[in-house]
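*Asks:* Below you will find the structure I want to go over with you.
The values are calculated or read from the model by the stated rules, or taken from the named source; none is laboratory data. What you are looking at is a predicted structure, and each value in this text was computed from that prediction instead of being measured. When we count neighbours, we look across all protein chains shown, and the Cβ atoms used for this are built from the backbone with ideal geometry, even at glycine.
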Amino acid sequence: MIEVRFFATLRTDRGKITQVPAEEVSTAGDLLRRFEIPAEEVAILLINGFHSKPEDAVKDGDVISLFPPVGGG
């Protein structure tokens, strides 16, 4: 299983954490498509705590964290 963690506005209608069978996806981008998240809505994508890109491979046991752009002042 691959654990996907959503942060801030990406949690809307998705919850905080979900799991996806590893055999159903091969890249982080596959996960974005699965959850209907446009790549431009993800400012930070981490695979096991390391900055990654949508085209990077994912495997069983990975933890994917998705953060949207954050504003403030």
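*Asks:* Filter segment 1-30 down to the residues that are in contact (Cβ under 8 Å) with a residue 60 or more places away in the chain and either in a strand (DSSP E or B) or of a type in the set (F, W, Y) (or both), then identify the one that is surrounded by the most Cβ atoms within 10 Å (Cβ to Cβ).
*Replies:* Going through the qualifying residues, I end up with V4.
*Asks:* Give the residue that is modelled with the lowest pLDDT, with candidates limited to residues of segment 31-56 that are touching a helix residue (DSSP H, G or I) at 6+ places or on another chain (Cβ under 8 Å) and outside any loop (DSSP other than H, G, I, E, B).
*Replies:* For segment 31-56, the residue satisfying everything is A39.
*Asks:* Taking segment 9-28 as the region of interest, how many residues are of a type in the set (G, A, S) and at pLDDT below 95?
*Replies:* Counting residues in segment 9-28 that are of a type in the set (G, A, S) and at pLDDT below 95 gives 1.
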